[in-house]
Amino acid sequence: MRWSPARSAAVLLGLVLCCLSAPAAAETLLRDAVPSVEASAQARAWVDARGDATVAQVHRGAGTLFQSPPPGAVHRLSTEGALWLHLRLRRGPAERQDWVLRLPMSVLDKVTVHQQDGSGWRAESAGDTLAVDRWPVRGRYPVFRLDLPPGEARDVYVRIQHSTPTQFPIELVTGTHHTESVQLDYLGLGAALGALLLLIASCLATGWVYRDRAFAWYAAYAALTSLAMSAYTGIASQFLWPGFGLLQDAPTNMLACIAVGAAVLFVRKTLGLRRRLPTLDRLCLVLGAAAPAAALLALVVGKTAFYAAMGAYVCVASCTTLLMSAMAWRRGDTVAPWVFAAQFPLVAAVVLTVTRNLGWVDLPFVPQYLVILALGIEVPLLLVALFMRSRDRHSAEVREQALSTHDALTGLLAPHLFQDRLSQVVTRFRRDQQNAAVMFIDLVNHARIREIYGSAVAEQSLLRSVIKLRRLLRDVDTVARVGEARFAVVLEGAIARSSVTDRATRLIAAGLMPLPGLKPDVTLHFHVAALLLSDRPMEADGIQAALSDQLARMSRRTRRPIRFIEKELPPAAADEPDSQFPNDDEGVPERGLAPAP
């Protein structure tokens with residue numbers, strides 16, 4: 001049979017058309033013995049710049065449209081564009097496992113998988129721009145069941161839409177292997193989230209017990225961080241808002257902005273930069289307050305502009321937290337090294353992820369779990385920093401409280417606390433008849449010591465007085481400083497004047513004894529006024545007034561330095577002047593107080 005030129009041209013044209021219509025992708029044989037196949041390297045890719053191609057058109061031009069992408073290719077898609085991937089799959093005739101195609105990327109905008117069936121092409125879509133309830137398989141990331149009859153080759157087309165440059169991992173796995181890997185993923189994520197929730201609960205309990213709002217701030221920060229991490233990993237969209245798709249993928253990025261702002265405010269609060277670095281403190285306050293505004297930009301601007309603004313804010317705010325912890329560390333803050341160690345891995349992971357996803361820098365693929373690992377390091381280290389700062393703050397509060405309840409020089413009780421103790425003693429005496437004695441003790445030569453030797457020696461004389469007084473009293477006795485050179489003592493259980501007189505006599509004698517090696521040689525002169533509650537039951541205010549009046553009536557050189565408040569004070573005895581003692585030592589210089597030559 002002879003071939004005419006026209007017939008030869010027709011046959012040649014038919015062969016060309018057949019070649020153009022035939023899929024060019026190599027078959028991928030799926031076997032149960034290899035339960036996981038990395039399909040990114042086997043898929044052929046084509047970018048639909050306008051994003052209007054149908055699967056039928058793509059299938060007809062598969063032989064010329066699709067090309068093998070270079071290993072590790074980063075795809076940069078326009079807002080309207082789409083990436084098409086072509087896979088030709090064959091399941092072995094004797095294989096029993098069902099297979100799924102998955103894209104383990106929870107922040108993927110939208111992916112549609114087209115498979116052949118008896119009536120044509122069947123399309124299924126998933127991605128974080130769709131509510132999880134509309135996915136073919138609910139999960140953290142898109143998963144599609146493959147319809148592969150044994151021994152028959154099928155074409156599968158994957159259409160991907162994504163706003164930021166990235167790599168798209170595609171895996172072909174058996175159903176059993178997918179279930180096992182999902183269980184392991186949830187085990188790790190559940191442990192991390194469970195630890196965060198336990199940490200939040202313990203911080204709230206600690207803040208409630210110690211009335212420390214810093215722990216409440218940390219709990220709020222950890223809660224926001226946990227929520228942002230849940231959204232980033234797909235946990236939140238799967239379990240918290242599976243039917244919510246109004247804002248598409250905006251909640252993930254909005255929560256990221258708010259979590260970063262909360263981190264800035266918490267680190268600022270922990271480091272306490274207001275006094276040491278006021279300029280940086282104001283910058284951190286502005287950055288923290290700007291977090292809600294940056295998050296709300298998703299509602300008023302386009303996705304591309306929002307991603308750029310969000311990326312800039314996250315990078316600047318994260319680097320600022322690292323900067324202020326480094327500056328505080330340089331200035332000697334003991335908490336700052338812990339804050340720096342906590343922030344450094346998280347800031348590095350966040351900046352790498354954001355800049356890589358936005359295509360600002362050309363970096364290798366950054367794993368999604370890098371941020372989660374950094375959070376696992378950051379959260380407990382920040383808690384350590386918080387405990388250290390809380391310990392320092394509580395120590396300062398204890399010291400401040402001690403200054404308000406105790407005398408700063410002598411360490412004795414303050415007058416208002418002595419008033420409370422005395423009121424309690426009076427109440428017990430009236431209720432249970434538990435007797436007690438109250439003493440007021442004056443260091444009568446304190447003014448002359450200050451006049452001659454100065455304030456330092458005068459304060460030293462007060463401290464010596466406290467030491468001598470402590471040696472004569474029990475631990476249960478109450479001692480307070482109620483005046484410049486006046487001390488008050490409550491002797492609980494004292495039933496006789498003799499025990500009070502004995503202590504007062506030994507105190508006066510100890511004050512008159514010179515201290516070996518003391519320069520200058522200063523003796524201490526004491527006057528004591530005392531009252532037994534059984535002799536003269538009075539209110540606390542009346543007791544203090546009566547003892548103060550008794551001391552005021554005593555001459556500085558009296559020979560009766562110990563006096564009691566009687567049951568009934570006769571007017572003559574009460575007003576008896578010390579001048580009735582004709583041999584009193586008026587005009588004789590006190591020992592140890594003679595002016596130096």
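The values are calculated or read from the model by the stated rules, or taken from the named source; none is laboratory data. This one's a predicted model, so the numbers in the text were calculated from it and none came from an experiment. A quick note on method: Cβ atoms are made from the backbone with ideal geometry, for glycine too, and the neighbour counts reach across all protein chains shown.
Computed quantities for the displayed model
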read-out: The listed residue being modelled with pLDDT of 65 or more and surrounded by 11 or more Cβ atoms within 10 Å (Cβ to Cβ), out of LEU363, LEU412; value: LEU412
read-out: Matching entry among LEU551, LEU533, LEU462, LEU469 (being surrounded by 14 or more Cβ atoms within 10 Å (Cβ to Cβ), assigned by TED's automatic domain parsing to the domain that holds VAL438 and closer than 19 Å to GLN424 by Cβ); value: LEU533
read-out: Residue ranges of strands (runs of 3 or more DSSP E) in segment 141-232 with at least 2 members surrounded by 15 or more Cβ atoms within 10 Å (Cβ to Cβ) and among the β-branched types (Val, Ile, Thr); value: 153-161, 171-174
read-out: TRP121 surrounded by fewer than 21 Cβ atoms within 10 Å (Cβ to Cβ) and either under 23 Å from THR176 (Cα atoms) or modelled with pLDDT of 90 or more (or both); value: yes
read-out: Options ALA43, ALA82, ALA62: the member that is surrounded by 17 or more Cβ atoms within 10 Å (Cβ to Cβ) and in contact with a Gly (Cβ under 6 Å, 6 or more places away or on another chain); value: ALA82
read-out: Number of positions in segment 488-522 that are under 11 Å from LEU472 (Cα atoms) and among the acidic types (Asp, Glu); value: 1
read-out: Hits in segment 85-119 - residues which are without any contact (Cβ under 8 Å) to a residue 60 or more places away in the chain, over 19 Å from ALA250 (Cα atoms) and not acidic (Asp, Glu); value: PRO93, ALA94, THR112, VAL113, HIS114, GLN115, GLN116, GLY118, SER119
read-out: Selection count, segment 32-42, where residues are modelled with pLDDT of 90 or more and of a type in the set (A, V, I, L, M, F, W, C); value: 3
read-out: Among (1) touching a Lys or Arg at 6+ places or on another chain (Cβ under 7 Å); (2) part of a strand (DSSP E or B); (3) within 25 Å of GLY234 (Cβ to Cβ), the one test that LEU130 misses; value: (2)
read-out: Residues that are of a type outside the set (Asp, Glu), buried (at least 20 other Cβ atoms within 10 Å of the Cβ) and touching a residue at least 40 places away in the same chain (Cβ under 8 Å), drawn from segment 128-138; value: VAL132
read-out: For GLY592: the one exception among (1) surrounded by 16 or more Cβ atoms within 10 Å (Cβ to Cβ); (2) of a type outside the set (A, V, I, L, M); (3) modelled with pLDDT of 90 or more; value: (3)
read-out: Selected residue (criterion: farthest from ASP98 (Cα to Cα)) from residues of segment 33-60 that are assigned to a loop (DSSP other than H, G, I, E, B) and in contact with an Asp or Glu (Cβ under 7 Å, 6 or more places away or on another chain); value: ARG50
read-out: Yes/no for ALA259 being in a helix (DSSP H, G or I), closer than 22 Å to ALA341 by Cα and at pLDDT 85 or above; value: yes
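Matching residues to (1) at pLDDT 90 or above; (2) not aliphatic (A, V, I, L, M):
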| residue | (1), (2) |
| --- | --- |
| LEU146 | yes, no |
| GLU152 | no, yes |
| GLN161 | yes, yes |
| THR166 | no, yes |
| HIS178 | yes, yes |
| TYR218 | no, yes |
| ALA222 | no, no |
| THR225 | no, yes |
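Each row is one residue, and each column tells you yes or no for (1) over 24 Å from GLY542 (Cβ atoms); (2) out of contact with any His (no Cβ under 9 Å at 6 or more places or on another chain); (3) of a type in the set (Asp, Glu).
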{"position": "LEU409", "(1), (2), (3)": "yes, yes, no"}
{"position": "LEU413", "(1), (2), (3)": "no, no, no"}
{"position": "HIS416", "(1), (2), (3)": "no, yes, no"}
{"position": "GLN419", "(1), (2), (3)": "no, yes, no"}
{"position": "ARG431", "(1), (2), (3)": "no, yes, no"}
